Structures are given as structure tokens and as C-alpha cells.
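For reference, the structure is listed below as C-alpha cells.
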Amino acid sequence: MNTMTLDTAGHAAPAQPQTVERETVDTQTVVKETVGQPLCDNAKLSMRNVNVFYGEAQAIHDVSLDIGRNEVVAMIGPSGCGKSTFLRCLNRMNDTIEGCRVDGDLTLDGEAIYGPKVDVVPLRARVGMVFQKPNPFPKTIYENVAYGPKIHGIASRRAELDEIVEDSLRRAGLWNEVKDRLDKPGTGLSGGQQQRLCIARAIAVSPEVILMDEPCSALDPIATARIEELIDELREKYTIAIVTHSMQQAARVSQRTAYFHLGHLVEVNDTETVFTNPQHALTEAYITGRFG
Amino acid sequence: MTDSNQSNGHSSVRERIEQGLARRHRKEKIFRGLGIASIAFGILVVALLFTDIISKGAGAFRQTAIELQITYDPAVLGIDKVDHESLTWANFTGVIRESLRARFPEVSGRSDKRELYSMVSSGAPFTLRDRLEANPELLGKTEQVWLAADDDVDTFVKSLDDSKEGFRGRTSEMMAGWIQQLLKSGELKRRFNTAFFTNGDSREPEQAGIRAALVGSLLTLLVTLVLSFPIGVAAAIYLEEYAPKNRWTDLIEVNINNLAAVPSIVFGLLGLAIFINFFELPRSAPLVGGLVLTLMTLPTIIISSRAALKAVPPSIREAAMGMGASRMQVVFHHVLPLAMPGMLTGAIIGMAQALGETAPLLMIGMVAFIVDVPGGVTDPATVLPVQIFLWADSPERAFVERTSAAIMVLLSFLIVMNASAVWLRKKLERRW
Amino acid sequence: MQTSTLFALLLLLVLVAYGTGFSRAVAAARGRGGLRNLAALPSYYGLHTALWCGLPALLLLGGWLLFDDAIIRALVMNSLPDKPDTVAGQNLLYAQIQNLAAGHLLGDASPQVQAAAEHFSTLQQRGSVLQAALTLILAIGLGAIAVLRFSPQLRAREKVESVLKAVLITCACAAIFTTVGILLSVLFESLRFFHEVPITEFLFGLQWSPQMAMRADQVGSSGAFGAVPLFTGTLMVSAIAMFVAVPVGLMSAIYLAEYASARVRNLAKPVIEILAGVPTVVYGFFAALTVAPFIRETAAAVGLHASSESALAAGLVMGIMIIPFVSSLSDDVINAVPQSLRDGALGLGSTKSETVRKVVIPAALPGIVGGVLLAVSRAIGETMIVVMAAGMAANLTANPLESVTTVTVQIVTLLVGDQEFDSPKTLAAFALGLMLFLSTLVLNFIALHVVKKYREQYD
């Protein structure tokens, strides 16, 4: 229908001299099927034929994907490709958006996520989430981490709660920095610390899966490196799905990478394969920085 | 940590979460229910308030009248020609009594007759006088005239709607009989209550009207608008477009925000002490009322005008400035016209506030008993809300009805004003 | 000359001045080959001349109108050899003089008063002639000077704009003038009051009966000015009002902001806001004629006695009036809480109500507290509802079914009707006004400060 060249798409590395002739990629191609290996044997989360609508507009088209136990799956793609929307389906955070409708089969350990009788409260305790912008509650550091265990009634005694808080902060690699000021407001921490506090808050309720929605986009490179290390450590215990804007980050932290384009899942493969030997022209165009 | 250990930890946490779920969802339901109940309460109160007022006041727009055969007999009237002087002294009461006696020839005895005469409003003679003055040729002739009935008759007739016996507080058995008789023959009817809209205040409910109060309100609002709108807009322009950020402007800001929350009665005290006692302006005058309400509504107008100015994007100012316009020209030629709809909306809302205000006007003596329609801003006057307050204090049952009707008039003015503010905002709102 | 004629004449002069300035500028421009050789547009020259002509004259006229009565009075009264000692007596005498001068003869007047009346008439006549003459001379003179001093180099625009700016500044200071005016008016009279009644008695006295006897031998000849019953009455009515308004207002704001769909919100919000637009006198009527009888009957049905004017009726209706106030302020602050905090709580598996109670409300708390304080200040300053439904009796009681009186009710009662300005009775009203102003001032100040700090936190 159209042949939008990269010249019109705009910002293909302005450093490139104008004379270089570039291959034309039709960025509006309708993707029929996902290439690569979207499914796996040891699936923690499995999604089949997922469609998401905002009112009339369709944001996700027929996506099928598995996320295996104790693996980190990175979701990449240009802005507005639907990767965040897809991520928010996994713990039904999309329910909070008026007019959002999800259909398809989504299961967590074989149990339907969108069943009519499913209670989102325990679901979200099992599938935790870390957001783009660090969002500590305007409470003390201790209260931030203890919030989840408290509302869910996980700790029956104060000592138990203390233990959970300490354990979570240690796992988030924050304990040594904050142990002397647990009663200070969480909002007083630096951006990177705040984000690690949010991770500690999420793991305090012992989730099985952690969803991360561009967790480093608001952070400086050093803080980003800390979080990336942390993600790698957390993989031992949790299944992690991370949406990221940065291809380097995806390459560093994930085992598998899924590339989304205009609401379609284009390609899923081992991270190495995706970045060294992309099988779809769109993936290749994206990872070589020709649009995005 | 081993894999089984990990899943054990998870499952014990799972169990604990499951245990608490029922209780948490119950709490959720209760909380939500409380929210719905609060909204419902609010809506219910609005409905209750309006039905209460309308059910009490709707009757006041119709007034019971008696059809009498009136003979303008010069002998009874005691005049031989129709001119202003003689009409002032003419005995119209006698004419009415004559006619009532003719209609009920069987009534005899002084107290019975007095009872009979009391059926017609004590304002009826003035109605006849005005008729005769307008049509001098009626002298000596006879005609059928509808005259306002006394408020007790009116109350009784209206109460017949609710029960067969009716409200008999001040109506005797005998009079009730006459009323039933007249009702049956169609000589007693409820007709549109023009007096309510054309008269000033009166001690007699059937003669009392809201015209004087309405005109008073209008004059007061006029003074308020003429003063508060230009001053408010000018203040907003200064604060938004010129004022440097310093202690003085901070002080002005704090003052404006604080004045917006000062009780209105305090403005009344200001008006009494300064405008009336110090400057010796006339009491009860719309001029003083308008001044007091100006001070009261200024904060509202300044705040909304500033918001309107803020909403004009800086790019417009920069564009005009770039053309070499002076600051004043930028403001008056470009910014102000764009901000005007927002300012007008604010002004209408401020005026609506002023229209409903009562307490400060009591302080400056606008509680006087005003029969005449005020002709200017220095004449003694009252305003609609104060008229409502005065009538609400009156013991006659018929005044309850009139109070409610006056409230209906006031509320409809307010609704029109607020609706036009909303309409104006919708219509002229510009999205940048 | 009539003041209105004078105004019309002045307006005419201003228009003429504008025209003259304008045409001189145009003529000058023609002589020099175009408008660009003038320092400003002709209209600015017109305005410049008009301002010179009109503004000083207008200020003079305004000042004259404000002060001439007071000056004439002082002159007349000073010319009298012996005059009454009391202010009331002087007022009466002056009124008599005025009536006499206006030709309404009321009984016999002493020759002294008649002389004074004549003096008054001459002063008034001379005053009005002088006023007209001075105003017109000033207008014509300054206007003519402005025309004569016209030059094409004159920077008319700058001059006009600096005058306009001064006008803008004056208008902006209106708020300060108002505050100062309020303070002065209540402070002076209050000081006079505290001169007669000790401030400690006023603040701590338990007895309030401001009726001063006409004669010394009457029963209850000394008024009592202990305002404690008024303060407690005010507090009780306000407390009842807040008891209704805070939970209902807050819960409806929460429901509308967090639960309701867009459709419900668009319907319910304006309906509740209608309550904010209903005049207080209407609420007073509703309280006195509908709610109070209802409470009395209900109380009687359960065997309690309720007075026909009860604190409960006034408080309940006042609470209803304040609901939209609390709900719209809370709505603002709740909406200012960033969505990311809600997402954080929901993402951990909170239920919606847990999110609201444990995260949103604590985060919005300063703003909500500020809003509630503003609502309290509104409740204690509310007048019409309590005047119509709470009663006049200064009872020191904790029973909400009894009638109580409030500070605002007493201000109205003391000042409406005939009043003499130097009796402690009327002065007491100003002392009460001072208390009211100060307490609402403190409340507003704290509330606005808290809300402002809160806003900055999330901006």
C-alpha cells in the first residue's frame, strides 16, 4: 500500500551522509506470522492469540508468546508498538484503563489470567510489576517495602515483617545503603535507589513473575547498570518480562527477545540470534537503527 | 536456595493471601457502598430541596379571586366626578360590601357581616380605584370584576386540594360554606397571580409581590457589575502580566485568596462602618449594597480572570512583542480579547454569588419594608434574598407559599446565570 | 448644579479634549509628511489630552463627594454655641437641622437651630457651586495646557501607558484596601467596646444578654457580654455541619474520582455542585420550615424533646451546604495524586479501596486537611442558616436538640433594626465581628498555606 522510505521516516542517523543509498523497508507491512520461537516447553506464562483493543482501536494483534520459568524475556520495538500494553495484560493492569478490552488465552501456570472468576488481587501478588518512573509511596522506606506484606497479611508478627523487609531490600541490593534510615521517606532517595526500592517492594510479596516496564528509562547510566545487574541476580528466583527501549539493555539482561511492531509480534528468538542474525527484515531494520 | 524450597515459600505465601481475600473483598464492597451512598445522599438532598420548595411554592403563582358584581354608585362612593383627588377619598370598600351583601342577602348580624366582608382582600378597593381611574365612564355603571380574595380564603381553597375538609385554622364553618357555594357556581376561582410580579412588599400576603425586591436586586447587581468587573480585570492584568515577583505582590496574592474565604457578614460590617457611618452614604440603598458586594465578589473575579489570562499561551505575547508592540498593546490588543470569554464566565459566576447573598445586606439596612419600586441606586430598596428572609419570618401561612415562590424565582435566575456561564465557556472555549 | 449634570459635562469635555488632541496630532503629521514622523499614534495624543482633562477633575470631584457631607456637618456643628454631649444627641440635632433646611418643619425649632439650618443651606449651596466651578476649571485648564504643550516629539504613548499602569496597580491593591478596611472598621469599634466591657469578661464570661435597659430601674438593667455561649454554640453547629459534610463530601469525591465511570461522573458531579449554588437564605428556609419540624417530630416520636429551633437542624443543613465545597476541594487534591502511585499499589495486588485508603488518601492528606479547614472557616462564618434556624437564646448547652445561638446570629440581631452607634450593644457586634474575622483569618491562612505546599509537592 505504501513504500515509506526511511528518508521520510525521518531520523535515520543524521550522521550518515545523504549519498549512501539505503535499502527500503516497508515499515507498514502487515505481519502475518511471528517468526522464530515464540513458544517454549517450560512456560510459566503462556499467551495465545491475544488481541487488545482501546475502544475501537486495536493495539495488539493476535500475539502468541511463552515466557519460560526463570528466564528473562525482553520486549523491544519502536514507540507505540504495543509492548507496554502487552506487558500490562499479564497482571491485568490494563483493567484500570477505561475502555480497554483483552481477548485471547492467557495463562499463568496453566490457570487462566482473564477468567470470569479470577481475582486480580492474588494474581497481582503473583505477578508483580515495576514501572517506568520510580513510584515509591510517600511513606518511609520501611513502610514502602512492608506495604505489600501488610495488605496481604503475609506476616503475622512484627519480627516476621522486619525479616521480609530486610530480605527484600537485600535482594534488591539496597539494604546497605538504607539500613540506617528505614524511617526516612522513600521519596528522599536518588532515582536509582527509588527504583530499587520499588523492586524491593515488588519482591516483598514473593511474586513468581516480575514485569518491568522500561525500569531504567528515567535513570542515569550508573544506576541503570546497577538495576541490570540486579535483574540478572533476580532471574534465579523469578521469571522476568522486561520492556525496554534500549537494545543494548535487552542484549545484556535477557535470554530471549521479542520484537514488536505496530501491535504485532514480529520475531522471537534467543537474544543472541535476534541481535546477530535477525530473521525478519523489520527486526533487522530496527536493530541496525534504521528506524525506531 | 533450591527449587522446591522456593516453591514452598511461594505456596505458603499463596495460602496466607488466599485466607485474607474474602475479608478484603468484603471491605472493598463496603467502601464502594459508602461511596455510592454518599453520592446518592447528595443527589437525594438536591431532589428533596427542589421538590420541597416547588411543592410549597407552586401554588403562589395562582391566587384565589372572587367574581363580584360591582356597581360604581356615586352615592356609595361619595364622589360625583372622577379625578385623582376625589378618588383618593372615595369609599370603594363600601361598594364592595354592598356587592357582597347583594350576593349573600341571607347574612345578617354584625359579626356575620364582618366575616363576610373579610372574604375580600383589603387591597381590593385599590384595584377598583385603579380601574375607575383608567375608565372614568364606569361611574354609575355595574360590571363583573374579579377581585383578590383574602389570604385566609386563598389558603383554605388551596388546602382543599389535599383533603376534603381543608385547612380550617382561620376559616369559620360559615365562611367555608360560602366558599364552597361560590366555588360551585364558579364565582370563586384561582387565577394567575399577577400581583406577585407587579407589587412591592405588603403586610397582606395576597397583595405582596416581588417587583420591588427584583428591581432592588437588579440595581444592586448593576452597581456590583459596573465596579467589580473593570477593577477585577484590571487587577488580574496587573498581577498576571506586570507584577514583579516580590513581597508586595505576594501580599496582594495572600490578601486576595484570604478575602475569598472571609465570611460575607464581615463585609457587611465593613459596609456599615465605612460606607454608612464614615462616608455617610444612604442606608438601605442599592449603591451601598453594590459596593459591599463588589468587595465581596472581587476576589472571585480576580482569581477567574487570572486563570483566563494564564490560559492564553505565551507564544501569542511573544508574537505580538516581536512585532514591536508595547507591553500595554500586547495585553489590550491580543491577550485580553482572547481571555475575555473566561473572564466573562468568572464575572457571571461572581454575579450569581452576589445575587444570592443576604447577610452583608442585612448589615447595611436593606431589610427595610419596601413597598415602592426603587427608582435609582440611592433609593431605599431591598433585594430578593432579603425579601425571602423577611417573608420566611412572617407568621401567615400564605407567606410560606410566597416565600417558596420567591425562592423559585431566585433559583431560576441563578440557574439561568450559571447555565449561561457554562454555555459561554463551552462555546468560546479555545483549545490551544 | 446636579452632580449627574456635572458628570455629563465632564464627560463631554473629555471627549472634546480627545478630539482636539487627536486632530492636532493628525494636522502635525500632515505637516511633516506622514504619521511615522510622530512619536506616537494620534489616538495616543487624544488619550493623553483626555487624561489630563478628565483624571484630575474626576479625582477632585470624587474626593469632594466623599467628604463634603462630613465637612459641612463639622462646620455647622462647630458654629453651634452649645451642643449635646452624646453622639446620639448630636445626630438628632443634626437631623433636625437638615430637615429644617430641606423645608420639612417638624415642630418648633429654637432660633439657634434655625440659624444653623440657614447656615447649613448656604454652605450647601456654596459648596455645590464651588464644586462645579472647581471641577470644570480644573478640567478645562489642564486640558488646555495639554493641548498647548502638544508637540510631535511628545512620547504620548509612554505617558498614557504609565497612567494606565498606575490605574492597574491601584485596582490590584483593592484587595489590600479591603482587608485594611475590614480591620479598621472592626478594630476601632471593638476597642471602644473593650473600653466599656473588659475583654476578659467578653472572652470568658458565661452570660450573654446584651439588652441594655432604657431606664436604670428596669429589670436586667445591666447587659451581660460574656461570649462563651456564642462560641460554644458556633462550635456545636459547625461541628455538626462538619460531621455531615466531611464524610459525605470526601466519600463522594473518592467515589467520583476513583470508581465512577465517566458517564456517572459527568452526571453526578454537576448535580452535587448545584448544592453549592443554592443561596444560603434558601437553606435557612429549608432548615427552619422542613428540617427543624421533622427533627422535632422524630425526637418526639422517640420520647425526646427537641426545641423548634435546634442546633441539629441548623448544623445538618449547613453540612449539606458544605458537602460540595468539601467534595470539590477533595476532588482536586485526589486528582493531583499521580496515577503512578495508584499503579504501584494496584500492581502489588491492593484492592481499590486499599489503594485509596492506604496510598491515595495519605498522599492527599495535607490537601484534604486544608480543604476541611477552609470548610470549617466557612461553617463558622455562615450566617443565614443559623439566623433562620438556630435561634437567639444564648444557651450554654451540649444538647444538639436545644436551641443555641452563634456569633453570626448575634451580629445580625444586634445590628439589624434601630441602633445607636455608641451603645455597648452595637459595639459588641463589632467585637464579635473581630473575633469572627480573626478566627477565619487564621484558619484560612493555615489552610491556604497547607494546600499551597501540597500543590508544590506534586507539580
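The values are calculated or read from the model by the stated rules, or taken from the named source; none is laboratory data. Nothing here was measured: the structure is a model prediction, and the numbers come from that model. Counting neighbours? That spans all protein chains shown, and the Cβs are built from the backbone with ideal geometry, glycine included.
Please give the helices (runs of 4 or more DSSP H) falling wholly within the stretch C:256-307 in which 1 or more residues are within 9 Å of chain B (Cβ to nearest Cβ) and surrounded by 13 or more Cβ atoms within 10 Å (Cβ to Cβ). Break it down into steps so the answer makes sense when it comes.
Working: elements: C:262-277, C:280-286, C:292-301.
Hits in the stretch C:256-307: C:262-277, C:280-286.
Scanning the stretch A:223-253 for residues that are out of contact with any Asp or Glu (no Cβ under 8 Å at 6 or more places or on another chain) and of a type in the set (S, T, N, Q) returns A:Thr224, A:Ser246, A:Gln248. Here the stretch B:350-376 is the region considered, the condition is being of a type outside the set (A, V, I, L, M) and in a helix (DSSP H, G or I), and the residue that is nearest to the chain's Cα centre (by Cα) is B:Gly356. The residues of the stretch C:143-160 that are more than 10 Å from chain B (Cβ to nearest Cβ) and part of a helix (DSSP H, G or I), listed by number, are C:Gly143, C:Ala144, C:Ile145, C:Ala146, C:Val147, C:Leu148, C:Ala156, C:Lys159. The residue list C:Val412, C:Val360 contains one member that is more than 28 Å from C:Val237 (Cα to Cα) and either more than 10 Å from chain B (Cβ to nearest Cβ) or part of a helix (DSSP H, G or I) (or both), which is C:Val360. Looking only at residues in the stretch C:161-173 that are of a type in the set (A, V, I, L, M) and more than 8 Å from chain B (Cβ to nearest Cβ), the one that is farthest from the chain's Cα centre (by Cα) is C:Val163.
When only residues in the stretch C:327-340 that are surrounded by fewer than 20 Cβ atoms within 10 Å (Cβ to Cβ) and assigned to a helix (DSSP H, G or I) count, which is nearest to the other protein chains (Cβ to nearest Cβ)?
Checked the stretch C:327-340; the qualifying residue nearest to the other protein chains (Cβ to nearest Cβ) is C:Ser340.
Per-residue answers, yes or no, for (1) within 14 Å of chain B (Cβ to nearest Cβ); (2) of a type in the set (Asp, Glu); (3) assigned to a helix (DSSP H, G or I); (4) closer than 29 Å to C:Leu414 by Cβ:
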position	(1), (2), (3), (4)
C:Leu130	no, no, yes, no
C:Leu134	no, no, yes, no
C:Phe177	yes, no, yes, yes
C:Leu187	yes, no, yes, yes
C:Ser190	yes, no, yes, yes
C:Thr200	no, no, yes, yes
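Would you check if B:Phe41 is part of a helix (DSSP H, G or I), surrounded by 20 or more Cβ atoms within 10 Å (Cβ to Cβ), at the interface with chain C (Cβ under 9 Å from one of its Cβ atoms) and not polar (S, T, N, Q)? So B:Phe41 does not fit the description; no. Evaluation of C:Ala379 against the conditions (1) facing chain B (nearest Cβ under 10 Å); (2) in a loop (DSSP other than H, G, I, E, B) shows that the sole unmet condition is (2). The set of residues from the stretch B:80-111 being touching a residue at least 24 places away in the same chain (Cβ under 8 Å) and either surrounded by 15 or more Cβ atoms within 10 Å (Cβ to Cβ) or touching a Phe, Trp or Tyr at 6+ places or on another chain (Cβ under 9 Å) (or both) comprises B:Val82, B:Leu87, B:Ala90, B:Phe92, B:Thr93, B:Val95, B:Ile96, B:Glu98, B:Ser99, B:Leu100, B:Arg103, B:Phe104.
Residues in the stretch B:359-368: is at least one among the β-branched types (Val, Ile, Thr) and within 30 Å of C:Lys165 (Cβ to Cβ)? No; the residues of the stretch B:359-368 include none that is among the β-branched types (Val, Ile, Thr) and within 30 Å of C:Lys165 (Cβ to Cβ). Here the stretch B:350-378 is the region considered, the condition is being within 21 Å of B:Ser264 (Cβ to Cβ) and among the polar types (S, T, N, Q), and the residue that is farthest from the other protein chains (Cβ to nearest Cβ) is B:Gln353. Taken over the stretch A:113-133, residues that are touching a strand residue (DSSP E or B) at 6+ places or on another chain (Cβ under 7 Å) and closer than 17 Å to A:Val209 by Cβ amount to 9.
Mind checking whether some residue in the stretch B:340-349 is part of a helix (DSSP H, G or I), within 8 Å of chain C (Cβ to nearest Cβ) and either under 18 Å from B:Leu225 (Cβ atoms) or touching a residue at least 12 places away in the same chain (Cβ under 8 Å) (or both)? Looking for residues that are part of a helix (DSSP H, G or I), within 8 Å of chain C (Cβ to nearest Cβ) and either under 18 Å from B:Leu225 (Cβ atoms) or touching a residue at least 12 places away in the same chain (Cβ under 8 Å) (or both), one finds none in the stretch B:340-349, hence no. As a summary of the residue check, C:Tyr255 satisfies the conditions (1) of a type in the set (Phe, Trp, Tyr); (2) in contact with a Phe, Trp or Tyr (Cβ under 6 Å, 6 or more places away or on another chain); (3) within 23 Å of C:Ile361 (Cβ to Cβ) except for the one numbered (2). Only a single item in (1) closer than 30 Å to C:Ser4 by Cα; (2) more than 14 Å from chain C (Cβ to nearest Cβ); (3) surrounded by fewer than 23 Cβ atoms within 10 Å (Cβ to Cβ) is not met by B:Ala381, and it is number (3). Of B:Thr171, B:Thr220, B:Thr194, B:Thr249, all but one fail to be under 27 Å from B:Ala60 (Cβ atoms), of a type in the set (Ser, Thr, Tyr) and surrounded by fewer than 17 Cβ atoms within 10 Å (Cβ to Cβ); the exception is B:Thr194.
Restricted to the stretch B:64-132, the set of helices (runs of 4 or more DSSP H) holding at least 2 residues that are more than 28 Å from B:Phe196 (Cβ to Cβ) and of a type outside the set (A, V, I, L, M) comprises B:84-89, B:92-103, B:110-117. Residue count for the stretch B:243-280 satisfying the condition of being farther than 23 Å from C:Ala166 by Cβ and more than 9 Å from every other protein chain (Cβ to nearest Cβ): 2. Filtered by the rule that a residue be closer than 30 Å to B:Val153 by Cβ and among the hydroxyl-bearing types (Ser, Thr, Tyr), the stretch B:355-399 gives B:Thr382, B:Ser394. Only residues that are part of a strand (DSSP E or B) and acidic (Asp, Glu) were counted in the stretch A:256-292, giving 2. Evaluate the following for C:Ala239: is it touching a residue at least 40 places away in the same chain (Cβ under 8 Å), in a helix (DSSP H, G or I) and away from chain B (no Cβ under 13 Å)? Yes: the conditions hold for C:Ala239. Going by the conditions given, is B:Leu281 modelled with pLDDT under 90, surrounded by fewer than 24 Cβ atoms within 10 Å (Cβ to Cβ), within 19 Å of C:Val416 (Cα to Cα) and aliphatic (A, V, I, L, M)? Yes; evaluated as a whole, the condition is true for this residue.
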